[in-house]
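Here is the structure we will look at, set down as structure tokens.
The values are calculated or read from the model by the stated rules, or taken from the named source; none is laboratory data. Every value quoted in this text rests on a predicted model; they were computed, and no experiment measured them. Cβ placement follows ideal geometry from the backbone for every residue including glycine, while neighbour counts extend to all protein chains displayed. Ligands, DNA and RNA are excluded from the accessible area calculation, which covers all protein heavy atoms including side chains. Shrake-Rupley method; radii C 1.70, N 1.55, O 1.52, S 1.80 Å.
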Amino acid sequence: MLGLQLPTDPRWVNIVEKNIEEILTDHAYCEQKAASTAISLIVSFPEYTELVQEMVALVKEEISHFKMVHDKILERGWVMGRDRKDDYVLQIVKFFPKGGSRTTQLVHRLLYAALIEARSCERFRLLSEELKDKELSEFYRKLMVSEANHYTMFLNFARQYGERKEVDKKWKELLSFEAEVMKNLSKNNAIHG
């Protein structure tokens, strides 16, 4: 369903289980960045009314997810750590060339967002199925559904605002690129990395 060409190595869950505090901190920042992305799309493309309306709803949802993750951190007696760079996202956003028309820029940003949400969904599914911590397993199962909805929303907007054949071609190329990026990741305690 997600179109990802390289699934996460299931052994990644072993890394997660040894570093739950780090994963929850990284996850909290991912939710915050997702809200920031939605705000950025509103600011950059206010003339796309339907997109703006959906992004307002998304900001609320992502911030509520941030709070849920932050609450999990606090419930376990921890304090959220500092943010760190997301190597996955830093590599992915280099795929499309800078510039182009406003529509092209919008489509590229929507495709990036769709891909990040798809990978998050895939990772959350893995966590929901493989984590020994049943509370966290159930937590990630619930979040997985939201991520799938976000992925399809962003991809559908890209197809709505861009020319469908061209958007699908770019999506396929981005998925191939992402598979290459993923070959070097899944070795640390990060949601995407």
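The angle between the Cα long axis of helix 164-182 and the longest principal axis of the Cα atoms of the chain comes to about 30 degrees, rounded to the nearest 10.
Remark: for residue pairs 142/183; 67/165; 132/170, the C-alpha separation exceeds 30 Å in 67/165; 132/170. The calculated FRET efficiency for residue 9 paired with residue 165, based on their beta-carbon distance and R0 = 45 Å, is about 0.85. Round to a whole number: what % of the accessible area of the chain belongs to carbon and sulfur, probe 1.4 Å? C and S fraction of accessible area: 55 percent. Hull volume per residue, based on the alpha-carbon atoms of segment 67-125 and their convex hull, is 118 Å³. In debye, nearest 20: dipole of segment 1-141 around its Cα centre with unit charges on the Cβ of K, R (+) and D, E (-)? Dipole about the Cα centre, nearest 20: 420 debye. For the chain, the longest principal axis of the C-alpha atoms and the axis of helix 49-75 are separated by about 10°. Between residue 78 and residue 21, the distance separating the two model label sites (each 7 Å from Cα on the Cα→Cβ line) works out to 0.7 nm. Secondary-structure-derived ellipticity at 222 nm for the chain, considering helices only, amounts to -25000 deg cm²/dmol, per-run term -39500 (n - 2.57) for DSSP H runs with n ≥ 4. Once both axes come from the Cα atoms, what is the angle between helix 134-161 and the longest principal axis of the chain, in degrees from 0 to 90, rounded to 10? For helix 134-161, the angle is close to 10 degrees.
Of the whole protein surface, residue 29 contributes about 40 Å² of accessible area at a 1.4 Å probe radius. In this simple spin-label model, placing a label point 7 Å from the Cα along the Cα-to-Cβ direction at both residue 142 and residue 103 gives a separation of 4.1 nm. Across the protein chains, with a 1.4 Å probe defining accessible surface, the residues 87, 133, 26 rank 87, 133, 26 from largest area downward.
Each residue of segment 36-47 was assigned a 3J(HN,Hα) from its phi angle through the Karplus curve 6.51 cos²θ - 1.76 cosθ + 1.60 (θ = phi - 60°); the sequence is 5, 4, 4, 5, 4, 5, 4, 5, 7, 9, x, 6 Hz, with glycine and proline shown as x.
Largest first, the residues 43, 181, 59 sort by 1.4 Å accessible area into 43, 59, 181. For residue 175, the solvent-accessible surface with a 1.4 Å probe is about 10 Å², rounded to the nearest 10. Stretched out straight at 0.36 nm per residue, the stretch from residue 149 to residue 52 would grow longer than its current Cα-Cα span by 33.3 nm. Semi-axes of the equivalent ellipsoid for the chain, computed as √(5λ) from the eigenvalues of its C-alpha gyration tensor and ordered from largest down, come to 28, 19, 14 Å. Estimated at the nearest 10 Å², the accessible area of residue 12 is 0 Å² with a 1.4 Å probe. With the cut-off at under 15 Å, measuring from each backbone N in segment 1-37 to a point 7 Å along the Cα-to-Cβ line of residue 132 picks out 11-21.
Centre-to-centre separation between the Cα atoms of segment 103-127 and those of segment 151-183: 9 Å.
Keeping every protein chain present and rolling a 1.4 Å probe, give me the accessible area per residue for the chain in Å². Mind showing how you got there, number by number?
Working: 9670 Å² over 193 residues.
On a per-residue basis, 50 Å².
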